[in-house]
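Taking it in order: structure first as structure tokens, then the write-up.
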Amino acid sequence: VQLQASGGGLVQAGDSLRLSCTASGRTFNTYTVTWFRQVPEKEREFVAAVRSSGGYTYYTDSVKGRFSISRNNAENTVYLQMNRLKPEDTAVYYCAAGKPILSSTRDSRIYSFWGQGTLVTVSS
């Protein structure tokens with residue numbers, strides 16, 4: 001599976017962005033897809049995940065109520081809708097695909113496939 005992340009940009013606090021993670025490969029719909037983010041000199045942080053069927057989603061507490069993850073398996077794409085963005089959301093956002101057990105969903109080491117990252121910058 002090859003992943004390509006897109007949709008980042010420079011926005012002001014309170015604005016919205018939608019990130020896309022588009023995959024190649026016929027087995028995309030069997031993978032959990034997760035968004036992580038990273039700022040310099042910090043570890044990669046879990047943001048949100050969606051299970052293969054799209055029926056289960058998970059979020060880190062800091063984005064609950066603002067971000068929404070969804071997937072369209074027919075289009076091999078996962079979206080991260082980000083609303084009411086804050087300066088602390090500034091990071092490079094990566095999408096990843098894997099088959100974690102539920103308790104490992106937030107562990108970046110579990111994921112086998114990664115996109116190249118897209119930069120989100122939120123100005124105050």
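Conditions (1) under 13 Å from the mean Cα position of the chain (by Cα); (2) open to solvent by 40 Å² or more (accessible area, probe 1.4 Å); (3) at pLDDT 95 or above, marked per residue:
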site	(1), (2), (3)
54	no, no, no
61	no, yes, yes
66	no, no, yes
73	no, yes, no
84	no, yes, yes
95	yes, no, yes
101	no, yes, no
105	yes, no, no
110	no, yes, no
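Taking every residue in segment 43-62 that is within 14 Å of residue 93 (Cβ to Cβ) and pairing it with any residue that is β-branched (Val, Ile, Thr) and surrounded by fewer than 17 Cβ atoms within 10 Å (Cβ to Cβ), at least 6 positions away or on another chain, the pairs with Cβ-Cβ distances below 6 Å are 46/60; 47/60. Of the residues making up segment 1-32, those that are among the charged types (D, E, K, R) and either touching a strand residue (DSSP E or B) at 6+ places or on another chain (Cβ under 8 Å) or on the phi > 0 side of the Ramachandran plot (or both) are 15, 18. Of the set (1) hydrophobic (A, V, I, L, M, F, W, C); (2) touching a Phe, Trp or Tyr at 6+ places or on another chain (Cβ under 8 Å); (3) under 17 Å from residue 99 (Cα atoms), all apply to residue 19 but (3). Contact map, segment 1-27: residues that are within 15 Å of residue 117 (Cα to Cα) paired with residues that are among the β-branched types (Val, Ile, Thr) and outside any strand (DSSP E or B), Cβ distance under 7 Å, separation 6+ or inter-chain. Pairs shown: 23/1.
State whether the residues of segment 74-95 include one that is part of a loop (DSSP other than H, G, I, E, B), out of contact with any His (no Cβ under 6 Å at 6 or more places or on another chain), at positive phi and among the basic types (Lys, Arg). First the steps, then the outcome.
In the first step, residues of segment 74-95 are kept if they are part of a loop (DSSP other than H, G, I, E, B); the result is 76, 83-86, 90.
Within this subset, residues satisfying the condition of being out of contact with any His (no Cβ under 6 Å at 6 or more places or on another chain) are 76, 83-86, 90.
Okay, now just the ones that are also at positive phi, so 76, 84.
Next, from what is left, pick out any that are among the basic types (Lys, Arg): 84.
The answer is yes, given that some residue of segment 74-95 is part of a loop (DSSP other than H, G, I, E, B), out of contact with any His (no Cβ under 6 Å at 6 or more places or on another chain), at positive phi and among the basic types (Lys, Arg).
Being under 17 Å from residue 73 (Cα atoms) and aliphatic (A, V, I, L, M) is the filter; apply it to segment 1-33 and report the residue that is surrounded by the fewest Cβ atoms within 10 Å (Cβ to Cβ). By that ranking, first place goes to 1. If you go through segment 34-52 and keep only what is surrounded by 14 or more Cβ atoms within 10 Å (Cβ to Cβ), under 20 Å from residue 124 (Cα atoms) and over 11 Å from the mean Cα position of the chain (by Cα), you end up with just 38.
The values are calculated or read from the model by the stated rules, or taken from the named source; none is laboratory data. Keep in mind that this is a model prediction, so the values were computed, not measured. Note: ideal-geometry Cβ built from the backbone for every residue, glycine included; neighbour counts use all protein chains shown. Note: accessible area is taken over every heavy atom of the protein model, side chains too, but ligands, DNA and RNA are not part of it. Shrake-Rupley method; radii C 1.70, N 1.55, O 1.52, S 1.80 Å.
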